[in-house]
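The values are calculated or read from the model by the stated rules, or taken from the named source; none is laboratory data. Just so you know, these numbers come straight off a predicted model, no measurement behind them. Neighbour counts run over all protein chains shown; Cβ positions are idealised from the backbone, glycine included.
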Amino acid sequence: MHTVLKQQYSRRKILITNDPRNPVFGASKDIDPAQYCQKFDLILGHCPVGIHEVLDEVNYISCVRNPIKRLVSHYHYARQLPNHYLYNQLNQKGFGFKDYVESDMSSEISNGMIRMLCGRPDFKKCQIDDSVFEETVSLAKERFRFIATTERFDECMLILQKELGLTTPYYARKKVGNYTQSQLELTPDIVAIMRERNKYDQLLYELIDDEVTRKSEQYGITVDLVNDFKIKNQKFGKWIHLARELKGRLTLGNPVNGSTPEGMSVSGKS
């Protein structure tokens, strides 16, 4: 989704950050983060919600996934990436998927989506309960322009096109895991643990899935339209996407990266 959005805006007007409450890495005290961020039309990052505390006029866009599938994907991803912070723990001899879903080694394992979207500074450690869930739902209604789901991604891209007036949102598939769910034995007891530890994520996912259905009906996005988009994207969407990406890089360079000192030096010249 990031690359689709990047292609819709001038790259000089895009800021990348990993810290929503400190979006400009190492900024001196004379730099006002809110004033600095106002220069940008799009702020991207794999980070929790929170930049609305710095910049008030913010509309969020995000994407969620079926909680069970998300955990399976996260487990495999962390086990296969040597520089992942969980890599060594997950690759210990005798440490299996059940050990992972029962552990507290990462806040991502228990209601990880709620944690990322709730807007709390202590999102990694706070107890996720009914009140936090309601806060998250309220924040989603007030601040989010749209939340997509991975399972209905093509449909969501067409909705986003209508919401933001985008050009046809062709994309190239990236970061697709080279594993199958059959590699894990998802026994009933393991699934029960996953569901119990992610019950608020499941509730949120169902609400978002219902909203995707409502938006599709609002914009007249039918099954036929989605299938037509899928076919076109598979045939030539990748090449259009890559051409747009190349054109953006050649004519406007890279977005400003506010999460690194190098990014700050570039932004200071813009």
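Listing for the model above:
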| quantity | calculated |
| --- | --- |
| Qualifying positions in region 1-21 - touching an Asp or Glu at 6+ places or on another chain (Cβ under 9 Å), over 22 Å from Ala34 (Cα atoms) and β-branched (Val, Ile, Thr) | Thr3 |
| Residue match in region 22-37 (condition: touching a Cys at 6+ places or on another chain (Cβ under 7 Å) and part of a loop (DSSP other than H, G, I, E, B)) | yes |
| Only one of Gly237, Gly220 that is of a type in the set (Gly, Ala, Ser) and in contact (Cβ under 8 Å) with a residue 40 or more places away in the chain | Gly237 |
| Conditions (1) more than 28 Å from Trp239 (Cα to Cα); (2) touching a Leu at 6+ places or on another chain (Cβ under 7 Å); (3) surrounded by fewer than 16 Cβ atoms within 10 Å (Cβ to Cβ): number failed by Val49 | (3) |
| Some residue of region 97-119 being over 19 Å from the mean Cα position of the chain (by Cα), surrounded by 18 or more Cβ atoms within 10 Å (Cβ to Cβ) and either closer than 22 Å to Ser62 by Cβ or free of Cβ contacts under 8 Å to residues at least 24 places away in the same chain (or both) | no |
| Any hit, region 164-177, residues being modelled with pLDDT under 95, part of a helix (DSSP H, G or I) and either surrounded by fewer than 16 Cβ atoms within 10 Å (Cβ to Cβ) or in contact with a helix residue (DSSP H, G or I) (Cβ under 9 Å, 6 or more places away or on another chain) (or both) | yes |
| Leading residue by the ranking (surrounded by the most Cβ atoms within 10 Å (Cβ to Cβ)) among those in region 239-268 that are among the small types (Gly, Ala, Ser) and at pLDDT 80 or above | Gly248 |
| Condition check for Glu196: in a helix (DSSP H, G or I), out of contact with any helix residue (DSSP H, G or I) (no Cβ under 6 Å at 6 or more places or on another chain) and not small (Gly, Ala, Ser) | yes |
| Region 205-222, subset of a type in the set (A, V, I, L, M) and in contact with a helix residue (DSSP H, G or I) (Cβ under 6 Å, 6 or more places away or on another chain), residue surrounded by the most Cβ atoms within 10 Å (Cβ to Cβ) | Ile221 |
